[in-house]
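*Asks:* Sharing a structure with you now.
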Number of protein chains: 2
Amino acid sequence: MRMHILDSNNESAGVTMSTIYEVAAKAGVSPATVSRVLNGLKVSSAKSDAVRAAAAELSFSPNKTARSLRKQNSEVIALVIPDIENPFFTALARGVEDRLREAGFSLVLCNTDDDTETEAKYFEIAVSENMAGVILVPAADHTDLSPLLSRNRPVVAVDRSTGHDIDVVTMENRAAGLSATRALLASGYSRVACIAGPRGIETADDRSGGWQDALNLADRAADPTYLCHANYRVDGGRAAMLELLSLADPPDAVVVTNNLMGVGALQVLSEAGMAPPAFGVAVIGDLPFTTLDPTSVTIVHLPARNLGVTAASMLIERINGDRQSPRTVVLRNEVAIAVGGVPTR
Amino acid sequence: MRMHILDSNNESAGVTMSTIYEVAAKAGVSPATVSRVLNGLKVSSAKSDAVRAAAAELSFSPNKTARSLRKQNSEVIALVIPDIENPFFTALARGVEDRLREAGFSLVLCNTDDDTETEAKYFEIAVSENMAGVILVPAADHTDLSPLLSRNRPVVAVDRSTGHDIDVVTMENRAAGLSATRALLASGYSRVACIAGPRGIETADDRSGGWQDALNLADRAADPTYLCHANYRVDGGRAAMLELLSLADPPDAVVVTNNLMGVGALQVLSEAGMAPPAFGVAVIGDLPFTTLDPTSVTIVHLPARNLGVTAASMLIERINGDRQSPRTVVLRNEVAIAVGGVPTR
DNA sequence: CTTGCGTTTGAAATCGATTTCTGTAATCGT
DNA sequence: ACGATTACAGAAATCGATTTCAAACGCAAG
């Protein structure tokens, strides 16, 4: 039999958290009734008022750990992303956070550095912490979600898809590659190269596919040496740009398929005295906090924040019991704007 | 009397999490013994082996919620910051995350948008989730930490200090302002203005104080109209820069006291055709992912990541029972580098 | 052979909120 | 006015791991 000592002479002001038992004692009711009041179940208004008064007086706030243990779920969700320092993921995280907060959830941030092991460890944590769900930007295309799925934890994938049959939110990567390339062609550049992401990464292949499409539609042969693969980071962009510039017949413009590689490419170009518009550059992905002249670099804006908001919304629906079959949402890119100027001659 | 049904024919493969009771049953010992094995307490090696085998077979992972409820603490800490999209805080968060992860903690990210209400709400959550501690970049100088402190939750403040007597990690803001200004003077600029942060914000006052110091030491009067206050964001930097340019006797250089305002100021200057080095610019804080020419803008690097690592380390010490009186750590800035070129004439 | 101390282990209490179960009181219909 | 429902509220079980308490056992010394 459990004993609850309810000492009224609480000397040590507020050092301990007040519990539902103390509230019950002060209000002259049972703990069960307190719980009912706090959860909006039917209770006579007399007792209900007494409970509310007592709770306010003790500035009672229910212990989430106990609640979570009993209800077998918490109001915490995990956001698992490759790199919190990449502004794209930051914007995405911001969208997730905003949406979750208005729904009363908190966000645990998990940084994987694109490492599958780290990712797996976070899945274990998510389960053992009884988290309500997971929003995931997969580190690899073979991410194993079974630790989560077998425990019925809802998962929404963002940006990249997984091998599993779950909700996914992506964007029109191929169209982004297409518009970026077309913008450069329209500006008068004729030899347009492409710095793609790592081989085998879905977004990378799609975006460079869009570049191919654009060239085909314009009846230009896609010179295979004009397609570089790099690692989606600044140094990758630098290396690829250097390689392109050293070709026997170098391009006069380039489509860079993510934001950080765009920074690298632009750095190299400006070091070489070929900053846009001397050399045409289109970047897929935003470069916040740069001081670039917006008329000389074409930027295809990606809906990073909206990706986050959408994923969060879908996850919340699942948490609330939505059982429809998995959906794939493809967000439209906010169109390529700021078309670059014509090369100086 | 509690009953634990231990069904051996677990048809629904892995749908439920296995518990310590199932491990105990499979190993032929009591739950208490399982707990002891898992926590490294003295147990005979025969039973210890049996437990470990059973745990492995069931791929048992202890329920953190139950553990947290019983032990009255968790392995989760909260990082409360004003803006997750600001690269300064991102780098700081990254430092915190890395340090915490190697110590086995997880990180809950809390975005306040510099709003005291939101901040207070997060404190409540931290307490009711039994979090082990809080790392805080205060939204205001009057942040009320009593909800945390009265419950003995360790708190470390970063970047800005609070009214409370707790651990703080800051950096040499005044020295940063001084070096930035000196670098501009050394490059030959003579009328150096300053775009400071909001009035009353500690870091803002210190950095602009450093600007004053530098001018005094160089025996130059600090023209009061050369000191602008702005809101630490891009638009603030823009507005302040425009104001400076419109003065009757405009400056020929400016010290900008944070990264985002630096972006705003540079945008305005390049729109006005006065990009550095035509107009001298020194920025306090890093501008990652920009394509600026590093020889024309002076950057005072701030130890953002290290701030995070240090704060996390201090918090972990407190969590582990360190009771020494509150410390204030002041990190050295990684010195101003990349001194700008002399104005064109 | 017995008393005594130390070690290992299990039974049960515990953390705090939720929820089922059950009993009592109040309400309704005829 | 009486039996049948319904509404309300408390006692106790529950979530799963930790920890206290006490029993049981082994071994050593007298």
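*Asks:* Pairs needed: first member in region A:59-79, closer than 24 Å to A:Arg99 by Cβ and in contact (Cβ under 8 Å) with a residue 24 or more places away in the chain; second member anywhere, more than 6 Å from DNA strand C (Cβ to nearest atom) and basic (Lys, Arg); C-beta distance under 7 Å; at least 6 residues apart or different chains.
*Replies:* A:Ser74/A:Lys64
*Asks:* Moving on. Mind checking which residues of region A:4-18 are within 7 Å of DNA strand C (Cβ to nearest atom) and either at pLDDT 95 or above or farther than 16 Å from A:Ser59 by Cβ (or both)?
*Replies:* The one that is within 7 Å of DNA strand C (Cβ to nearest atom) and either at pLDDT 95 or above or farther than 16 Å from A:Ser59 by Cβ (or both): A:His4.
Okay, residues lined up against (1) of a type in the set (Lys, Arg); (2) over 27 Å from B:Ala214 (Cα atoms); (3) in contact with a helix residue (DSSP H, G or I) (Cβ under 6 Å, 6 or more places away or on another chain):
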site: B:Leu244; (1), (2), (3): no, no, no
site: B:Asn258; (1), (2), (3): no, no, no
site: B:Val263; (1), (2), (3): no, no, yes
site: B:Ile284; (1), (2), (3): no, no, yes
site: B:Ser296; (1), (2), (3): no, no, no
site: B:Pro303; (1), (2), (3): no, no, no
site: B:Thr310; (1), (2), (3): no, yes, no
site: B:Ile319; (1), (2), (3): no, yes, no
site: B:Arg323; (1), (2), (3): yes, yes, no
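*Asks:* How about region A:36-91: which of its residues are away from every other protein chain (no Cβ under 11 Å), within 16 Å of DNA strand D (Cβ to nearest atom) and part of a loop (DSSP other than H, G, I, E, B)?
*Replies:* Within region A:36-91, A:Asn39, A:Gly40, A:Leu41, A:Lys42, A:Val43, A:Ser44 meet the criteria.
*Asks:* If I go through region B:36-72 residue by residue, how many of them are more than 39 Å from the chain's Cα centre (by Cα), loosely packed, with under 15 Cβ neighbours inside 10 Å and more than 9 Å from DNA strand C (Cβ to nearest atom)?
*Replies:* Going through region B:36-72 one residue at a time, the tally reaches 3.
*Asks:* While we're looking at this one, here's another question. Inside region A:168-182, can you point out the residues that are surrounded by 24 or more Cβ atoms within 10 Å (Cβ to Cβ) and over 30 Å from A:Ala221 (Cα atoms)?
*Replies:* Scanning region A:168-182 gives a single hit, A:Val169.
*Asks:* Same structure, new question: Just one of B:Gly236, B:Gly262 is within 26 Å of the chain's Cα centre (by Cα) and within 11 Å of chain A (Cβ to nearest Cβ); which is it?
*Replies:* Exactly one residue qualifies, and that residue is B:Gly262.
*Asks:* Of all residues in region A:92-118, count the ones that are more than 9 Å from chain B (Cβ to nearest Cβ), over 15 Å from A:Gly308 (Cβ atoms) and touching a strand residue (DSSP E or B) at 6+ places or on another chain (Cβ under 8 Å).
*Replies:* 1
*Asks:* Tell me which residues, restricted to region B:92-121, are closer than 15 Å to A:Glu97 by Cβ and either assigned to a helix (DSSP H, G or I) or touching a residue at least 60 places away in the same chain (Cβ under 8 Å) (or both).
*Replies:* Those that are closer than 15 Å to A:Glu97 by Cβ and either assigned to a helix (DSSP H, G or I) or touching a residue at least 60 places away in the same chain (Cβ under 8 Å) (or both): B:Ala93, B:Thr118, B:Glu119, B:Lys121.
*Asks:* If the requirement is being under 24 Å from B:Asp165 (Cα atoms), at pLDDT below 95 and within 15 Å of DNA strand D (Cβ to nearest atom), which of these qualifies: B:Asn111, B:Asn130?
*Replies:* That would be B:Asn130, the only listed residue that is under 24 Å from B:Asp165 (Cα atoms), at pLDDT below 95 and within 15 Å of DNA strand D (Cβ to nearest atom).
*Asks:* Can you confirm whether B:Ala91 is within 16 Å of DNA strand C (Cβ to nearest atom) and crowded, with 20+ Cβ neighbours inside 10 Å?
*Replies:* The answer is no for B:Ala91.
*Asks:* Only residues that are buried (at least 17 other Cβ atoms within 10 Å of the Cβ), in a loop (DSSP other than H, G, I, E, B) and more than 42 Å from the chain's Cα centre (by Cα): list them for region B:19-35, please.
*Replies:* B:Val29
*Asks:* Residues that are not assigned by TED's automatic domain parsing to the domain that holds B:Gly209: find the helices (runs of 4 or more DSSP H) completely inside region B:232-325 holding 3 or more of those.
*Replies:* B:304-319
*Asks:* Continuing with the same structure: Picking from A:Gly236, A:Gly210, A:Gly280, A:Gly264, which residue would you name as being in contact with a strand residue (DSSP E or B) (Cβ under 7 Å, 6 or more places away or on another chain) and either crowded, with 20+ Cβ neighbours inside 10 Å or closer than 27 Å to B:Val234 by Cβ (or both)?
*Replies:* On the way: A:Gly236 fails: in contact with a strand residue (DSSP E or B) (Cβ under 7 Å, 6 or more places away or on another chain); A:Gly210 fails: in contact with a strand residue (DSSP E or B) (Cβ under 7 Å, 6 or more places away or on another chain); A:Gly264 fails: in contact with a strand residue (DSSP E or B) (Cβ under 7 Å, 6 or more places away or on another chain).
Answer to the selection: A:Gly280.
*Asks:* Taking the condition closer than 21 Å to B:Ala239 by Cβ and touching a residue at least 40 places away in the same chain (Cβ under 8 Å), does B:Arg199 pass?
*Replies:* Judged against the criteria, B:Arg199 is not a match.
*Asks:* Ok, one more. Considering only helices (runs of 4 or more DSSP H) fully contained in region B:136-225, which possess at least 2 residues that are more than 14 Å from every other protein chain (Cβ to nearest Cβ), of a type outside the set (D, E, K, R) and within 20 Å of B:Met241 (Cα to Cα)?
*Replies:* Values: elements: B:146-149, B:173-186, B:202-217.
Counting at least 2 such residues, we get B:173-186, B:202-217.
*Asks:* Which is surrounded by 22 or more Cβ atoms within 10 Å (Cβ to Cβ) and modelled with pLDDT of 90 or more, of B:Glu97, B:Glu75?
*Replies:* The match here is B:Glu97.
*Asks:* A further question follows. Within the group A:Asp206, A:Asp219, which residue is assigned by TED's automatic domain parsing to the domain that holds A:Val283, without any contact (Cβ under 8 Å) to a residue 12 or more places away in the chain and among the charged types (D, E, K, R)?
*Replies:* Working: A:Asp206 fails: without any contact (Cβ under 8 Å) to a residue 12 or more places away in the chain.
From the options A:Asp206, A:Asp219, the qualifying one is A:Asp219.
*Asks:* Of the conditions (1) in the same structural domain as B:Pro250 (by TED's automatic domain parsing); (2) of a type outside the set (D, E, K, R); (3) under 20 Å from the mean Cα position of the chain (by Cα), B:His164 fails just one. Which one is it?
*Replies:* The number of the failed condition is (1).
The values are calculated or read from the model by the stated rules, or taken from the named source; none is laboratory data. Given the structure is predicted, the values throughout are model-derived calculations rather than measurements. Here the Cβ is made from the backbone with ideal geometry for all residues, glycine too, and neighbour counts use every protein chain on show.
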